[in-house]
There are 2 protein chains.
Amino acid sequence: MRQSQLFTKTRREAPADEVSKNAELLIRGGYIQKEMAGAYDYLPLGLIVLRKIENIIREEMNAIGGQEILMTTLQDKTVWEKSGRWDDTVVDNWFKTKMVTGAEVGIANTHEEPITAMLTHFVNSYKDLPLYVYQFQTKFRNELRAKSGIMRVREFLMKDMYSFSRDEKEFKEFYEKCAEAYIKIFERVGLGHITFRTIAAGGSFTTGLTDEFQTISEYGEDVIYVDEKKKLAINKEVYTDDNIEKFGLEKSKMVEKKSIEVGNIFPLGSKYSDVLGLKIRDNNGVEQSIIMGSYGIGLGRLLGTIVETLSDEKGIVWPESVAPFKYHIVEIPSEKTEVKEMAEKIYKKLGEENVLYDDRDLRAGEKFADADLLGMPYQIVVSEKNMSSGKLELKNRKTGEVKMIKEDEL
Amino acid sequence: MRQSQLFTKTRREAPADEVSKNAELLIRGGYIQKEMAGAYDYLPLGLIVLRKIENIIREEMNAIGGQEILMTTLQDKTVWEKSGRWDDTVVDNWFKTKMVTGAEVGIANTHEEPITAMLTHFVNSYKDLPLYVYQFQTKFRNELRAKSGIMRVREFLMKDMYSFSRDEKEFKEFYEKCAEAYIKIFERVGLGHITFRTIAAGGSFTTGLTDEFQTISEYGEDVIYVDEKKKLAINKEVYTDDNIEKFGLEKSKMVEKKSIEVGNIFPLGSKYSDVLGLKIRDNNGVEQSIIMGSYGIGLGRLLGTIVETLSDEKGIVWPESVAPFKYHIVEIPSEKTEVKEMAEKIYKKLGEENVLYDDRDLRAGEKFADADLLGMPYQIVVSEKNMSSGKLELKNRKTGEVKMIKEDEL
């Protein structure tokens with residue numbers, strides 16, 4: 001993409017009300033724009049990153065047998081009344097609205113109830129299970145205070161998967177499979193080295209413990225104790241001697257860290273399936289409960305965590321897998337037409353889907369600052385000086401390493 | 001995809017409350033499921049079709065210079081108050097909700113105001129224009145009555161593009177370019193032969209006429225007069241002798257047809273840009289108004305129109321460009337292992353992304369009925385009988401034409 005065609009512009013300063021590093025850098029780079037407190041627009045570069053993250057998650061969900069669907073945002077009150085979660089004292093961050101007819105409807109807070117009710121049209125035999133269904137769907141949370149930039153917002157795109165299993169054993173097997181898929185996802189988006197499966201407190205559906213995935217960050221809101229070698233952590237909430245022992249860890253090796261929750265996997269038992277009438281008949285015709293699980297990743301939060309943890313003092317440092325473009329061609333304006341010709345040549349050679357080409361008529365210093373702020377993995381500097389020695393400058397944004405290369409080495 | 005793995009099932013009958021052909025067939029095929037009146041879930045096969053339509057539209061919008069973004073669903077009341085459209089008597093189908101703090105927020109009805117306000121952060125010089133921004137974003141309309149299946153709903157995915165031009169001439173040029181792109185889109189999704197650019201009444205922003213794109217359908221809610229040869233129509237609303245003459249048409253050649261509006265393009269003048277403070281300075285530093293246009297296509301409505309107009313008495317007939325899969329392998333269960341082996345072989349050969357493979361243990365009649373209902377363009381029947389003559393049966397779903405072919409001819 002030609003940078004001259006991109007409508008967004010970089011800014012030297014972020015708006016004064018943005019105190020989090022992720023929103024500050026993303027707004028300065030023109031990746032996102034605040035629409036209102038807790039709601040951000042994705043601008044062209046930001047949307048490319050969001051879609052790349054989405055595709056990585058999609059591939060891993062498909063690999064473990066997930067079937068993708070898209071549920072509605074407007075939700076029927078009656079399915080929520082069955083589970084008791086329509087009540088604002090039970091779920092305290094609902095957005096609700098009213099139809100012209102006066103009837104109340106919910107605005108998707110989550111989808112356990114609607115998805116379970118939907119499946120009653122399709123599932124009734126043990127042969128229909130196990131079943132894994134997921135979607136990328138916008139969730140709405142009526143938070144009292146939005147904070148941490150795009151980390152805790154009122155509206156966000158979420159990958160939510162739900163598993164439907166015939167018994168606890170089948171459920172557990174998938175739960176572990178999904179945990180492995182999550183590890184792959186965090187590795188692929190560049191957070192593998194600082195993200196840990198973390199033992200956490202069980203919710204209302206399980207007497208046992210559950211799992212979170214936590215990324216170490218000094219700006220995190222959670223506190224975890226990490227065994228880096230074993231790639232396992234325990235959330236402060238349940239950091240007891242019993243649990244340390246139970247998971248084969250040693251207190252002396254656990255290091256306290258602040259962290260950001262980037263995903264969770266959660267046993268739901270048969271609470272929702274039972275109250276919503278989703279049952280199966282086993283091979284003897286006897287009615288059986290269905291064991292459910294839910295598996296969430298907030299895409300904006302993951303994007304924000306990448307920025308929060310991998311950026312440096314100059315700006316964003318995108319991992320190649322999610323970068324809007326792999327290369328940033330920085331053409332240093334020159335009277336010599338060869339400079340522009342060379343820049344155009346390598347732009348075409350590398351392909352417009354792989355390159356942000358800074359073809360703007362700006363000073364070199366501004367262009368370098370923009371390239372560092374925007375954070376493409378490789379900067380290719382095309383200048384009169386470099387060309388006089390028959391070379392191009394290839395800079396690795398992350399390491400700062402600079403190589404002089406010939407055009408045909410690209 | 002293996003049909004045995006698909007959680008949806010076909011149904012013989014649609015729910016009694018679905019009277020429209022599009023929803024009836026789509027629900028029977030397991031493409032969609034009604035969540036509540038006017039809100040439908042997209043199930044795996046339906047979501048594939050929706051995404052294929054989305055990609056076709058995206059390609060055509062990018063081809064005319066569109067930049068894709070994603071605005072929020074929650075909308076700040078203050079930007080709507082500036083244009084006067086927050087008022088429920090002005091826009092009578094708003095969904096609104098309240099924050100915990102008590103402040104009212106809008107739930108995206110459309111995006112003229114928010115997108116114009118957002119651009120004030122980036123546009124201020126004539127050099128920043130022209131600019132074309134679009135998104136695929138869910139719109140919410142508080143309709144008194146949802147009707148016509150997925151045609152008139154309370155929640156739907158829409159492609160909305162907005163153009164920002166320096167003057168009327170620049171605007172008109174893009175307006176025509178977008179009209180041509182729309183024609184390409186309707187051709188690519190298989191509706192080209194029955195879709196017409198249609199002269200329609202101007203809205204409140206123009207004294208002139210505007211354009212709609214109407215697809216001929218006996219179930220349509222609109223009435224248009226069509227000149228098939230000139231590929232032009234006039235909406236009944238403005239079907240006057242003056243307009244017939246103005247557009248070089250002849251009354252004797254105009255044929256009255258019922259039709260479905262599948263797209264519209266619309267001049268907005270400078271109403272929104274002026275009230276929201278989006279202005280440019282020209283090359284003399286003088287402040288100028290910005291001329292806007294909006295360009296909409298509802299994706300669900302387009303999908304519904306394809307089903308409504310191209311299906312037959314047996315079921316859906318997907319054009320290849322938007323079909324969930326190009327091929328449907330119908331394996332007729334047999335004691336001979338060669339049948340399954342052959343089916344598996346061609347499934348692998350054609351690629352799982354191109355094939356729905358009916359590997360279920362069902363009677364041939366049920367399988368044929370399902371294949372016709374689901375509507376993939378080509379059915380490949382693998383049976384003992386066909387194989388005994390060394391052949392496969394290839395059936396064209398649309399024409400019904402059957403060819404006996406050898407496996408290596410596929």
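The numbers here are math on the coordinates, done by the rules we state, and not lab data. All figures in this text were calculated on a predicted structure; none of them were measured in a lab. Heads up, the Cβs are rebuilt from the backbone with ideal geometry, glycines too, and the neighbour counts pull from every protein chain shown.
Here are the numbers for this structure:
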read-out	value
C-alpha long axis of helix B:299-310 to longest principal axis of chain B, angle in °	50 degrees
Shielding by partners, peptide A:152-164 (average Cβ within 10 angstrom, other chains)	1
Selection of GluC sites (Glu not before Pro), the range A:37-66, meeting DSSP coil and at most 12 other Cβ within 10 Å	none
For the range A:23-38, Karplus couplings with θ = phi - 60° (6.51, -1.76, 1.60), whole Hz, Gly/Pro x	5, 4, 5, 5, 6, 4, x, x, 7, 9, 9, 6, 8, 7, 4, x
CD proxy at 222 nm, helix term only [per DSSP H run n ≥ 4: -39500 (n - 2.57); per residue of chain B; nearest 500]	-8500 deg cm²/dmol
Cα point-scatterer Debye curve for the range B:94-181, base-10 log of I(q)/I(0) at q = 0.12, 0.19, 0.25 Å⁻¹	-0.54, -1.00, -1.23
Residue-wise HN-Hα coupling along the range B:9-14, computed from phi with Karplus coefficients 6.51, -1.76, 1.60 (Hz; x: Gly, Pro)	10, 7, 10, 5, 10, 7
Per-residue average of Cβ from other chains inside 10 Å of B:142-150	2
Cβ crowding within 10 Å averaged over residues, with B:396-402, A:328-334 ranked highest first	A:328-334, B:396-402
³J(HN,Hα), Karplus 6.51/-1.76/1.60, whole Hz, each residue of the range A:62-76, x for Gly, Pro	5, 5, 9, x, x, 10, 8, 9, 9, 7, 7, 7, 6, 10, 6
Overall form of the range B:327-409 per C-alpha gyration tensor (a/c, 1.5; a/b vs b/c)	rounded
Packing-based exposure ordering (other Cβ within 10 Å, fewest first) of B:Lys177, A:Lys406	A:Lys406, B:Lys177
Sequence-distant residues sharing a close amide H with A:Leu209 (under 5 Å, placed H)	none
Gaussian network model of chain A, Cα within-10 Å springs - most flexible of A:Glu187, A:Glu250, A:Glu320	A:Glu250
Ascending count of other beta-carbon atoms within 10 Å, so fewest first, for A:Asp160, B:Asp274, A:Asp87	A:Asp87, B:Asp274, A:Asp160
Cβ-vector label at 7 Å, B:Lys230, separations to other copies in nm	8.1
Nm distances between copies for B:Glu338, ranked from closest, using label points 7 Å along Cα→Cβ	7.0
Within straight-line cross-link reach of A:Lys367, aspartates and glutamates at Cα separation under 12 Å, skipping those fewer than 8 residues along the same chain	A:Glu331, A:Asp358, A:Asp359
Peptide B:103-116, shielding by other chains (average Cβ, 10 Å cutoff)	2
Cα-Cα P(r), chain B, percent of pairs per 20 Å interval	24, 49, 23, 4, 0
Pairs from A:Lys172/B:Lys34; A:Lys169/A:Lys246; A:Lys52/A:Lys229; A:Lys52/A:Lys398; A:Lys279/B:Lys326; A:Lys147/A:Lys326 whose Cα-Cα separation, in the structure shown, is over 25 Å	A:Lys172/B:Lys34; A:Lys52/A:Lys229; A:Lys279/B:Lys326; A:Lys147/A:Lys326
Equivalent-ellipsoid semi-axes of the protein assembly as shown, from the Cα gyration tensor, Å, largest first	40, 39, 29
Cβ-vector label at 7 Å, B:Thr89, separations to other copies in nm	4.0
Dipole moment magnitude, nearest 20 debye, the range B:327-409 about Cα centre, only Lys, Arg, Asp, Glu C-beta charged	260 debye
